[in-house]
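Note sheet for the following structure.
The values are calculated or read from the model by the stated rules, or taken from the named source; none is laboratory data. Every value quoted in this text rests on a predicted model; they were computed, and no experiment measured them. Glycine gets a Cβ as well: all are built from the backbone with ideal geometry, and neighbour counts include every protein chain shown. Just so you know, the surface numbers come from the protein's heavy atoms only, side chains and all, with ligands and any DNA or RNA stripped out. Shrake-Rupley method; radii C 1.70, N 1.55, O 1.52, S 1.80 Å.
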Amino acid sequence: MTNPNLAERVQLKFYATDHVPAMDLIPVFHKWITDKVIDDELMIDVADYSHVDKGPGVVLIGHASDYYYDLGEGRPGLKYSRKRGGNADATLNVADAFKRALTACVRLQKESGLSLAFSAQEALFSIQDRLHAPNDDATFDAFKATLEPIAKKALGDVTLTREGDARLGLTIRIRAQGAGSMEDAAARL
Amino acid sequence: MTGPTWKDRLSDAMPEHLAREIDVFEGQIELKKAGKLDDKIFAETRLRRGAYGQRYDNGMRNDGTGQQPLVFPTALTKGPDTMWDAPGMQRIKNPFGKVTAEQMDVMSDLADEYSDSILHVTTRQDIQLHFVHIEDCPDMHRRLAATGITTREACGNSVRNVTACEFSGVCSTEGFDVTPYADAVTQYFLGHPDVQDFGRKFKIAFSGCHDEPCGATTFHDLGAIAEVRDGKRGFRVVVGGGLGAVPVKAKVLSEFCEERELLPLAQAVCRVFARLGEKQSRARARIKFLVQKVGLEEFKKLVAEERSKLRDDPRWTAFLSDLSATDETPIRPGAPLATGDAAFQKWAETNLRPQSQDGYYVATIKMPLGDFTSTQGRVLADLAREYTGDTIRLTIEQNVALRWLSGADAYAFYQRLVDNGMGDAGARTITDIAACPGTDTCKLGISASRGLAGELRKRLKVIEDDLPPEVRALRIKASGCFNSCSQHHAADIGFLGVSRNVGGRKVPHFNVIVGGSFQKNAGEYGLVAGAVPSKAVPKAVEMITQKYTAEREGDESFHDFIERVGKGAIRKLLKPIAKAPAYEDDPSFYSDWRDPREYTIGDLGIGECAGEIVPFVEFGLQAAEQELYEAQELHEKKESAPAAGKAFAAMVTAAKALVRFLDVQCRDDADDVIAQFRTHLFDTKVFFDPYAKGKFANYLLKLHESRSFTNADDEIAHRTLDEAQLFIEAAHACYQRITEASADAAE
Ligand code: SF4
């Protein structure tokens with residue numbers, strides 16, 4: 001019996017409204033490592049995939065999680081990806097992903113010289129763990145109760161829709177009705 | 001609450017022997033975590049499972065202004081000086097590049113879950129996933145095993161992935177389809193006891209014919225080229241080729257080896273290599289050095305003797321009874337090529353190749369720097385299911401090919417590629433640049449080969465339609481160091497990363513290598529025309545290609561052009577851009593492509609890319625070999641004084657490697673290196689050969705005093721080269737003696 005609440009590899013992407021060439025993120029992410037901007041995580045390296053169409057863009061590689069300036073779907077955005085060391089409690093794990101993703105978005109919005117902005121009206125949540133969280137309706141139903149309250153808390157009223165083919169890990173589109181800022185969303189968590 | 005595990009889930013799907021091997025590996029991980037396994041043993045164990053280390057795994061990262069410790073959660077290590085938690089790389093071995101749709105789906109899933117959603121095609125038809133954690137490897141291996149893939153011997157001192165032309169079986173110039181033979185060799189040697197005790201890795205390649213580039217047998221330890229004689233199938237077998245610091249072309253071991261003799265001959269070669277190949281000094285442990293040392297004729301004799309001693313093995317010929325076992329069956333009827341728009345026509349020109357079977361084509365999907373996403377991987381799997389069947393092959397030019405595409409489907413197929421960002425035209429042209437990982441992830445990387453390749457690609461894409469056809473046809477390859485993983489020696493224009501000091505700062509450079517050729521199985525190696533700063537490489541490409549266009553005679557190939565004008569002309573051409581501007585004038589030269597940090601080689605680690613743990617001293621000795629090789633090239637071109645100077649520099653490099661190996665600090669300049677060498681290796685007699693005593697050391701000391709190389713004529717150059725060769729040999733021997741003595745002392 002699969003149980004998505006056992007999975008720790010969660011990903012959350014917020015989309016950029018004003019975007020910039022992915023390569024512009026390379027110096028920013030290097031600076032984040034050098035200056036230990038994410039002070040409670042070990043950040044290690046920057047991987048450049050800006051040459052790949054609709055790819056992972058530029059990735060700030062960490063030990064426990066990665067931060068992508070992601071070009072997936074042809075829609076740039078900030079994707080937070082928990083790899084390990086997550087909380088055994090799924091609710092805490094998801095809340096942490098929201099907090100970290102939103103905080104990173106706010107930081108990027110403030111990066112001088114970047115002019116990058118994100119929307120709090122839409123996000124893409126996924127679990128990269130096909131063993132515990134296959135992309136099917138039963139898993140979606142089982143996980144909704146975990147995800148929805150946190151998404152609501154951060155973004156206001158939301159609708160959740162499962163999407164993508166069965167080969168993917170559980171993938172959920174989050175649409176928020178409100179038009180709050182990233183800062184507000186981050187502050188609510 | 002515990003959930004399901006991959007081990008349970010896949011227990012029925014995995015072949016039993018693979019499942020068992022993976023359990024053993026997982027057990028070794030547990031033993032290592034419990035402190036019950038030695039670092040070196042565990043390193044070799046994981047390498048043999050294709051789990052490599054990556055840059056920064058020694059727990060240090062240079063941020064451009066200094067070293068910064070990376071404090072990983074545990075102090076545990078997974079090899080000498082290799083932190084347990086540091087991200088590593090998983091190599092997935094795909095014999096002759098073959099991948100099924102199911103395998104492509106699974107590798108894409110693994111990229112999503114354990115890596116960064118990127119699958120990287122290597123120049124040896126493997127897939128690599130980067131930034132993976134060692135503890136995720138057993139589950140990755142299980143999921144691969146369930147689709148028939150083993151990562152066993154993807155690395156380590158054994159037979160590596162057996163490669164073959166991606167056109168095998170569908171090519172109009174091939175003698176016959178080499179696929180079943182490559183498959184038989186793969187199966188036969190996997191885990192075979194005769195290939196477990198090599199001093200270094202052993203690479204085998206197959207080619208269907210002599211003249212095309214696809215198999216690249218020339219630079220393999222063992223190459224087999226299909227030939228039919230008197231209606232009988234067989235192979236021209238070549239041995240002892242290799243790239244790296246000392247590129248060597250493989251030599252003919254057998255003009256015609258009948259098909260039934262192929263496996264026993266290969267086995268005899270492996271046994272000779274295992275028995276007589278160098279084991280101590282890894283820098284000289286590839287089979288090319290053994291062939292050089294004993295001479296080809298003696299090597300042939302040794303192989304023949306070994307062959308005569310082998311007991312018959314039914315597996316040598318069992319596969320011959322069903323050579324069609326590896327055949328692919330098209331799923332759509334063949335038909336003439338569909339028409340499409342202009343973009344399709346352009347793509348078809350370079351990316352579609354007609355098969356020998358009427359109405360079918362091989363489609364090459366150009367992957368930038370060998371990378372594609374997990375999403376694209378799933379699209380490729382879908383395309384294979386819909387149009388071609390299980391006919392995906394990874395290519396040594398870091399692309400993906402799908403065979404058996406009906407001409408009627410080609411346009412629809414192309415449109416799907418375009419929709420998914422894979423419709424780039426120009427396969428096998430100047431924009432299709434091969435690059436090794438370089439400083440991005442490789443511990444041995446000196447310069448940013450991927451950064452460079454990405455930049456060149458971006459610039460060339462803009463102008464590709466305006467380039468003359470002879471320039472568009474050129475191939476570029478970039479390696480981050482002299483280990484040559486991009487196979488740059490066989491490119492028209494190759495680059496290899498080096499570092500230079502300018503005004504007391506390090507500047508990333510690339511050696512420019514011109515005139516190699518991928519034709520005739522990579523039959524010609526290029527020559528070093530000099531080094532230029534990384535940031536000047538695009539200009540160098542522009543200057544070289546313009547010269548070629550302006551001075552080309554008739555249909556002259558680039559290789560012939562370089563032969564005619566000489567490497568010296570290219571060096572002269574590049575001279576104005578060979579020197580980096582002062583830091584104050586242009587600091588951009590002091591960082592590498594796509595990496596804003598001030599350049600350093602402080603991140604260089606102990607390499608695993610070259611197959612195993614390579615101590616830094618061996619890296620230095622290899623650098624000396626490379627310089628000596630360049631000196632020999634200069635000498636052949638009658639450039640006597642530069643040749644002698646280079647040979648002297650090679651000796652200094654070797655001396656420096658040893659001095660630093662003894663933990664003695666020394667600067668890079670020859671005076672200091674030689675002063676330290678005299679004190680610590682000559683006066684102490686540590687360098688002394690048991691028979692020749694101080695003779696070889698004296699070569700260096702005397703040359704340093706006399707500086708006879710500065711205006712050497714041909715004779716002096718010749719002598720200096722000989723002395724340098726002997727000195728470097730002695731340096732290897734000295735290093736070996738020291739390590740042996742330390743090992744004895746430790747015991
Ligand atoms: S060893 Fe050198 S050539 Fe090979 S991948 Fe590393 S940097 Fe590139």
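P(r) for the stretch B:659-718: what percent of alpha-carbon pairs falls in each 10 Å bin, starting at zero?
The calculated distribution, bin by bin, is 21, 45, 29, 5.
Compute the accessible area per residue over the stretch B:178-326, keeping the other protein chains in place, probe 1.4 Å, unit Å².
Computed with neighbouring chains in place, this is 38 Å² per residue.
Once you have the Kirkwood Rh of the stretch B:6-145 from its Cα pairs, apply Stokes-Einstein at 4 °C and 1.567 mPa s and quote D in µm²/s.
Using the Kirkwood radius from Cα pairs, D works out to 81 µm²/s.
Taking B:K638 as the anchor, which aspartates and glutamates have their alpha carbon closer than 16 Å to its alpha carbon, excluding any fewer than eight residues away along the same chain?
B:E563, B:E630, B:D713, B:D714, B:E715, B:D722
Using the structure shown, list the pairs from B:K201/B:K443; B:K203/B:K637; B:K251/B:K293; A:K83/B:K78 with a Cα-Cα distance above 24 Å, or answer none.
Table pairs above 24 Å Cα-Cα are B:K203/B:K637.
So, taking all protein chains as they sit and a 1.4 Å probe, how much accessible area belongs to B:W6, in Å² rounded to tens?
Counting only protein heavy atoms, the figure is 20 Å².
Leaving out ligands, DNA and RNA but keeping every protein chain, what accessible area does B:K535 have, in Å² rounded to the nearest 10, with a 1.4 Å probe?
50 Å²
In terms of solvent-accessible area of protein heavy atoms at a 1.4 angstrom probe, what is the ranking of A:R188, B:R48, B:R571, highest value first?
A:R188, B:R571, B:R48
Determine which aspartates and glutamates satisfy two conditions relative to B:K300: a Cα distance under 13 Å, and not lying fewer than 8 residues away in the same chain.
B:K300 reaches B:E255.
Residues of B:108-116, mean number of Cβ from any other protein chain within 10 Å of their own Cβ, rounded to a whole number?
Mean number of neighbouring Cβ atoms from other chains: 5.
Between beta-carbons, use under 11 Å as the cut-off and find the net charge around B:K293, counting Lys and Arg +1, Asp and Glu -1.
Here the count lands on -1.
Order the peptides B:317-326, B:697-706 from the highest to the lowest mean number of other Cβ atoms within 10 Å of their residues.
B:697-706, B:317-326
All other residues with a Cβ under 10 Å from the Cβ of A:V58 taken together, and with Lys, Arg as +1 and Asp, Glu as -1, what is their net charge?
-2
Where does the charge balance sit around B:E455 when Lys and Arg score +1, Asp and Glu -1, over other residues with C-beta under 14 Å from its C-beta?
+3
What does the highest-first list of B:27-35, B:139-147 look like by mean Cβ count within 10 Å?
Highest-to-lowest ranking by the protection proxy: B:139-147, B:27-35.
First check a/c for chain B, with a ≥ b ≥ c the square roots of the eigenvalues of its C-alpha gyration tensor; if it is under 1.5, answer rounded, and if not, answer prolate when a/b is larger than b/c or oblate otherwise.
The shape class here is rounded.
Do the alpha carbons of any pairs in B:K93/B:K458; A:K13/A:K144; B:K477/B:K575 sit beyond 23 Å of each other, and which pairs?
Beyond 23 Å between Cα atoms: B:K93/B:K458.
Which order do the peptides A:48-59, B:299-310 take when ranked by the mean count of other beta-carbon atoms within 10 Å per residue, highest first?
Sorting A:48-59, B:299-310 by mean packing, highest first, produces A:48-59, B:299-310.
Rank these by accessible area, largest first, 1.4 Å probe: B:D592, B:D39.
Of B:D592, B:D39, the descending order of accessible area is B:D39, B:D592.
How would B:E553, B:E636 line up by accessible area, probe 1.4 Å, largest first?
Accessible-area ranking of B:E553, B:E636, largest first: B:E636, B:E553.
What is the Cα centroid distance between the stretch B:269-332 and the stretch B:510-534, reported in whole angstrom?
Between the Cα centres of the stretch B:269-332 and the stretch B:510-534 lies a distance of 29 Å.
So what is log10(I(q)/I(0)) for the protein assembly as shown at q = 0.05, 0.07, 0.09 1/Å, when the Debye sum runs over its Cα atoms only?
-0.29, -0.58, -0.98
At 18 angstrom or more along the helix axis (alpha-carbon based) and mean Kyte-Doolittle of 0.0 or higher, what helices does chain A contain? Whole DSSP H runs only.
A:90-110, A:137-155
GNM, chain A, Cα, under 10 Å: largest mean-square fluctuation among A:E122, A:E41, A:E73?
Of the options given, A:E73 has the highest mean-square fluctuation.
Using a 10 Å cut-off on Cβ to Cβ distances, tally the other chain neighbours for every residue of A:58-69 and report the average as a whole number.
The mean count of partner-chain Cβ atoms within 10 Å per residue comes to 3.
From other protein chains only, count the Cβ atoms within 10 Å of every residue's Cβ in B:370-376, then give the mean.
Average per residue, whole number: 5.
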